[in-house]
1. Only counting protein heavy atoms at a 1.4 Å probe, give the residues of the stretch B:272-293, ordered by number, whose accessible area falls by 20 Å² or more when the other protein chains are present relative to the chain alone.
2. Specify the residue with the greatest mean-square fluctuation among A:Ile108, A:Ile240, A:Ile30, computed from a Gaussian network of chain A linking alpha-carbon atoms under 10 Å apart.
3. Along Cα-to-Cβ, 7 Å out, sits the label point; list in nm, shortest first, how far the one on A:Lys230 is from those in the other copies.
4. In whole percent, what relative contact order does chain B give with Cα contacts below 8 Å and a gap of six or more residues?
5. Residues of A:240-250, mean number of Cβ from any other protein chain within 10 Å of their own Cβ, rounded to a whole number?
6. Helix A:30-43 versus the longest principal axis of chain A: what is the Cα-based angle in degrees, 0 to 90, to the nearest 10?
7. Averaged over all directions, how much area does the convex hull of the C-alpha atoms of the protein assembly as shown cover when projected, in nm²?
8. Within the stretch B:221-307, report the trypsin sites (Lys or Arg not before Pro) that DSSP leaves as loop and that have at most 11 other Cβ atoms within 10 Å.
There are 2 protein chains.
Amino acid sequence: MVTIRDVAKEAGVSVATVSRVINGSGYAHIDTKKAVDLAVSKLQYKPNEVARSLYKRKSKLIGLILPDITNPFFPELSRGVEDYLQRRGYRLIIGNSDGKQEKEREYINTFSQNNIIGIIASTSEYNDRNYKDLNMPVVLLDRTTEDLPAVYADQHAGGELAAAALMERGSKEIVIVRGPITIKPVRERYQSALELLQNTEGVNVQVLDSTLSFQGAKSCAKELFDKYPKTDGVIACNDIVASAILQEGLRLGRLIPEDLQIIGYDDIPMCALLYPALSTIRQPAYEMGEVAAESLIKMINKEPLTEQHIKLDVAFIDRQTTRKGM
Amino acid sequence: MVTIRDVAKEAGVSVATVSRVINGSGYAHIDTKKAVDLAVSKLQYKPNEVARSLYKRKSKLIGLILPDITNPFFPELSRGVEDYLQRRGYRLIIGNSDGKQEKEREYINTFSQNNIIGIIASTSEYNDRNYKDLNMPVVLLDRTTEDLPAVYADQHAGGELAAAALMERGSKEIVIVRGPITIKPVRERYQSALELLQNTEGVNVQVLDSTLSFQGAKSCAKELFDKYPKTDGVIACNDIVASAILQEGLRLGRLIPEDLQIIGYDDIPMCALLYPALSTIRQPAYEMGEVAAESLIKMINKEPLTEQHIKLDVAFIDRQTTRKGM
């Protein structure tokens, strides 16, 4: 392995001089610079970033914490972050916290001890003990707290859009399949949907609990039709669970959307490939990732943020599991 | 921020002594150790891992390169790697190469310059220039080369299983939708399926090109039925493309599996939630990840590998897009 000593020898200068030239710090004569550059290129010397960052206290590494990499919503979010950072010359490394506080804390420690200069956290449950005293910028993504800048989608509007879409299209016996209400955005969309439905005459609303993952989605779908066989409209906590409900409805011979309307949440890529294609509330996952990355880079560069909390719009995507011509 | 100097002052010893105690190197009296531990805990001192790793040349960080985090096969693979490492006290950080040589090279550089002690690479196209001279163990995952240890699934068997399943169940007009043949495992399964079908009398086989991603899957499905309307059996390059073909077949009114059988590849979690549920060739993604992580940790600990190349079995998962009672 080529060392800085080899470069110094090749260039005929001291190790300190090579260090100054490579780090762009202190004075070096133009000819000295040329000699060092030549030696670096001839020997294919790669400066050790660890050592350099100790000196310069600056790397280009950003850490992203995701709660569940196997839920297709998060890879989309992640791509938005990564593509933005890539364009700005930064690199992203990802840690999967699995929704566990302990794993999240371990990743934050790992990040803070290994040259990471900023963190984007899509944490399951924000715990400020994990983030205070971090000495680096943090942006929350798909989560909010008073304490930190955050980028998130308008969950309140999302819940209302879903409820309104079902009601306008004639559903009367509606089940809200809600995800874990300890997760704030999941709770918010559930609450706004519930509130709208409860305040509407002639609509009967039930609530069923579910996970957000593939595990458990099928049994939740079975439970729904067992408990509430008259259901003619479902608002699911996400598209995975909605897919399971769509499958179970078809298996039971329900006509969709004629007898049963289903609305998912997120708009993961698979929605458009289902048959019938899944109507859903679209969260702009990719854009959320981009905007969070933009905020973080501003903070790293000590530029002011125009907004601490950036709320992005959601939209109702009217595919084939909701009725037409209303 | 608490520094090692603060700890030394608090404990009444030199900085060098604190360093020896923290790193467990060299001699220190038991009372000295206690004094340092007390000071560390009282001041809540966190040793800088970057500085420590320079000294100890050892971290617990493993890097994983994935070609496309939005393809659900890879998050599964990644979870297998991560869960194994977690159990062994290592941490995983992930880079998404997007199937691009240039991005892959950048991640390898980032990893090698930032305390990573081993790499698991699920690279799109193995290029040895990216991996030689790395000075750290590398295990290829879902890819193979002569040069490096590798963990992969039996693609040859996978292609044959898919072809045999369709033929045994009576398909005569079969289309193989193949992915990019520059990707070796994709090419291998295509070739073995093609070979078996071409050597079978009474079977007519066509080949159609496709991507592996959500983008393009729909147009590929349309092209299939436009070009080969008589198709009664499809072997798709992966489950995403198979889902699009299933959707288009249903849209065109085909009875599945009676008129048209479809077999995917990978067995991503969504397969089981489609209606009809998708028959597929299961790659043991999670297990592949675990085994690759196990091999890498052995290499890091300088233990011998019993096998350089570990080939895991695939299986035909007989769901509802293939006929029963054959």
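1. B:Ala272, B:Leu273, B:Leu274, B:Tyr275
2. A:Ile30
3. List, nearest first: 5.4 nm.
4. 17
5. Per residue, the average neighbour count from other chains is 3.
6. So the inclination is approximately 60 degrees.
7. 34.2
8. In loop regions of the stretch B:221-307 (DSSP not H, G, I, E or B), the sparsely surrounded trypsin sites (Lys or Arg not before Pro) are B:Lys230, B:Lys302.
The values are calculated or read from the model by the stated rules, or taken from the named source; none is laboratory data. What you see is a predicted model, and the numbers here were worked out from it, not measured in a lab. Counting neighbours? That spans all protein chains shown, and the Cβs are built from the backbone with ideal geometry, glycine included. These accessible areas exclude ligands, DNA and RNA; they are computed on the full protein's heavy atoms, side chains included. Shrake-Rupley method; radii C 1.70, N 1.55, O 1.52, S 1.80 Å.
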